[in-house]
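Below you'll find the structure, written out as structure tokens, and then a few comments.
Throughout, read-outs are computed from the coordinates displayed, never taken from laboratory work. All figures in this text were calculated on a predicted structure; none of them were measured in a lab. All Cβ positions, even for glycine, are placed from backbone atoms using ideal geometry, and neighbour counts span all protein chains on display.
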Amino acid sequence: MSTRDLWNRYARYFNAEEGIVFPADQPELDFYTQIRKEYTGSYLEIGAGSGRLAGSLEGQSAAVALEPSDLMLAKWSVADRELALRIQGTGERMPFRSDSFPFACFPYNGLQCVPEEEIRIGIIKEAFRVTAPGGVFLLEVSPVFARRESEPLTERYCAKMPDGTRLVLREKVERRRDTNTIKYHMFYTTIDGDRETTEEITLELAVISRDQIISLLKEAGFCDIIEWGNYDRSPYDNELSPRLLVLAVKGIQNVVTDSGSCFDYSF
């Protein structure tokens, strides 16, 4: 199944969870709002979903939202559509001119949603290519996933939707040590009166350590790397931090001469 097809299937449930089942993560929104005050200019968000961070990333310059799922892009609100140019595409093959964005980011643990190592490497290289010299790339992952073990099928929630239906998630977690990934087998049941329909979606997340992330960024050419362990910008601690936020600089001396098969995109 292609990345586009997977996220198109998941879009409905992802949007329900982000906007209805679970409240907005205000510390996350505040973090990106503050970051954008410090790092201005045009920006690129990789894996932009249905626009949850559009308001926090808003600035006075051109904004681009890259997302593999066209159904996710279709869910952007009318107001959020005014904040960024939405483009359907994937991070390992970005259709942008080299050195285009003073600020680029890949939030949501998005890199871990790419189980293939070679594609993750390609995404980081592409992020370096499209980031402007002197610009920054912000990446979020959760090394704490490495502690997740297999779990039996368990009901995670039963939530009432705005249309009166109920959405139930039952989930089984499969730890795959042979591929160093974790598979989430998610069974979504929609209950509408006496009718029940269930759809299974499997999401495979890569287990990525802090050292692996730092190595990937340095090998791509990034420098001056800053690490935080949470949205409050506390120092990263491998045992205590719930996430790893990494801010990396593309040195002014770095240039990219190979834009691959990507077409130019002017701003």
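Condition (residue is of a type outside the set (S, T, N, Q) and part of a loop (DSSP other than H, G, I, E, B)) applied to the range 124-142: is it met by at least one residue? Steps first, answer last, please.
Here is the first cut: in the range 124-142, the residues of a type outside the set (S, T, N, Q) are 124-130, 132-141.
Those left that are additionally part of a loop (DSSP other than H, G, I, E, B): none.
There is no residue in the range 124-142 that is of a type outside the set (S, T, N, Q) and part of a loop (DSSP other than H, G, I, E, B).
In this structure, C113 does not satisfy being hydrophobic (A, V, I, L, M, F, W, C), over 25 Å from T40 (Cβ atoms) and without any contact (Cβ under 8 Å) to a residue 12 or more places away in the chain. Going by the conditions given, is T131 within 19 Å of V249 (Cβ to Cβ), crowded, with 17+ Cβ neighbours inside 10 Å and either without any contact (Cβ under 8 Å) to a residue 24 or more places away in the chain or polar (S, T, N, Q) (or both)? Answer is yes for this residue.
The criterion of at least 1 residues that are farther than 23 Å from Y10 by Cβ is met by the following strands (runs of 3 or more DSSP E) wholly inside the range 146-238: 222-228. The condition of being over 13 Å from the mean Cα position of the chain (by Cα) and surrounded by 22 or more Cβ atoms within 10 Å (Cβ to Cβ) holds for only one of A24, A11, A63, A48, that being A63. The residues in the range 239-254 that are in contact with a Gly (Cβ under 9 Å, 6 or more places away or on another chain) and not in a loop (DSSP other than H, G, I, E, B) can be counted, and the count is 4. Hey, among the residues in the range 80-122 that are acidic (D, E) and not in a helix (DSSP H, G or I), which one's surrounded by the fewest Cβ atoms within 10 Å (Cβ to Cβ)? Per the stated criteria, the residue is E82.
If you go through the range 170-200 and keep only what is surrounded by fewer than 17 Cβ atoms within 10 Å (Cβ to Cβ), in contact (Cβ under 8 Å) with a residue 40 or more places away in the chain and of a type in the set (V, I, T), you end up with just T179.
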